[in-house]
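The values are calculated or read from the model by the stated rules, or taken from the named source; none is laboratory data. Only a predicted model underlies this, so the values are computations on that prediction, with no experimental measurement involved. For neighbour counting, all protein chains shown are included, and Cβ atoms are generated from backbone atoms with ideal geometry for every residue, glycine included. Heavy atoms of the whole protein, side chains included, go into the accessibility calculation; ligands, DNA and RNA do not. Shrake-Rupley method; radii C 1.70, N 1.55, O 1.52, S 1.80 Å.
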Amino acid sequence: MQFMPVFDTASKLWANQPIAAYYRDITIHHRQQVGGSCVSTCLSLLSGQEPTEVRSHVNTQDPVSWSHYLQGYGMKLAYCPSDLRRLQHYLPDLLAIDDLFTISTYSPPDSSSIGAEPNEDGWICGSHIVLLHRSTVYDTRYAAPIALNTYADKQRYVKRLFRVVPVDHARGL
């Protein structure tokens, strides 16, 4: 018998039904990033530590290190299936789950820039990470949280999407 892969074009971000709530009641204290510190500032919203302290514990390009850092605060990251789609196409699932996520998006507005060859320094393009708590975006580029329905970056392409889960959850990094 030969194994045939199944391609599910309607894959859900979180398959378990009914969907449990883990962080619907969490309080997040927003802060703005200084310079290119979106990863450490975003994670600091979850840990309560200063972004400079977070930065000393994570590799900005390694989500496993982010999850390992969050484990010290009773949380970890669980991968959600994603592909090169604009954030707006994930909104129905994100709102239905109604919990806490990290969302990384590419900075260029066009997919051809994202797929370009690196320059001589290895650089391809920038990206950014935000927290989504229920229907509120905590984007550390801005002075205050933003309602998801008015968030301008819904048109950006998704790079990574993680659900924040308790450290003892079976799923996660």
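Sorting the segments 80-89, 127-136 by their residues' average number of neighbouring beta-carbon atoms within 10 angstrom, most packed first, yields 127-136, 80-89. Here the simple spin-label model places points 7 Å from the Cα toward Cβ, and for N16 and A144 these points are separated by 3.6 nm.
Across the stretch 61-69, computed HN-Hα scalar couplings (Karplus, 6.51 cos²θ - 1.76 cosθ + 1.60, θ = phi - 60°) run 9, 10, x, 5, 5, 5, 5, 4, 4 Hz from first to last residue, x flagging Gly and Pro. Note on the chain: dipole from Cβ charges, positive end direction compared against T150, L43, S127; the farthest Cα belongs to T150.
Can you give the convex hull volume of the alpha carbon atoms of the stretch 75-173 per residue, in Å³? Kindly include the intermediate steps, with their values, before the conclusion.
Values: hull volume 11.6 nm³, N = 99.
Looking at the stretch 75-173, the number lands at 117 Å³ per residue.
Using the Cβ-Cβ distance between D98 and N59 with R0 set to 30 Å, the FRET efficiency works out to roughly 0.50.
The alpha-carbon of K76 sits under 12 angstrom from the alpha-carbons of these aspartates and glutamates, leaving out residues fewer than 8 places away in its chain: D168. With semi-axes √(5λ) of the Cα gyration tensor in Å defined as stated, name the option among (i) 24, 22, 17; (ii) 25, 19, 18; (iii) 55, 35, 16 computed from the structure displayed. Given (i) 24, 22, 17; (ii) 25, 19, 18; (iii) 55, 35, 16, the structure-derived one carries the label (i). A simple count of charges around A78, restricted to other residues whose Cβ falls under 10 Å of its Cβ and scoring Lys, Arg +1 and Asp, Glu -1, yields +3. Roughly to the nearest percent, how much of the accessible area of the chain is carbon and sulfur, given a 1.4 Å probe? That fraction is 53 percent. For the chain, the solvent-accessible area of protein heavy atoms averages 55 Å² per residue (probe radius 1.4 Å; ligands and nucleic acids excluded). Each peptide among 55-65, 162-172 gets the average number of other Cβ atoms lying within 10 Å of its residues, and from highest to lowest they stand as 162-172, 55-65. With R₀ set to 30 Å, the beta-carbon distance separating V167 from D83 gives a calculated FRET efficiency near 0.60.
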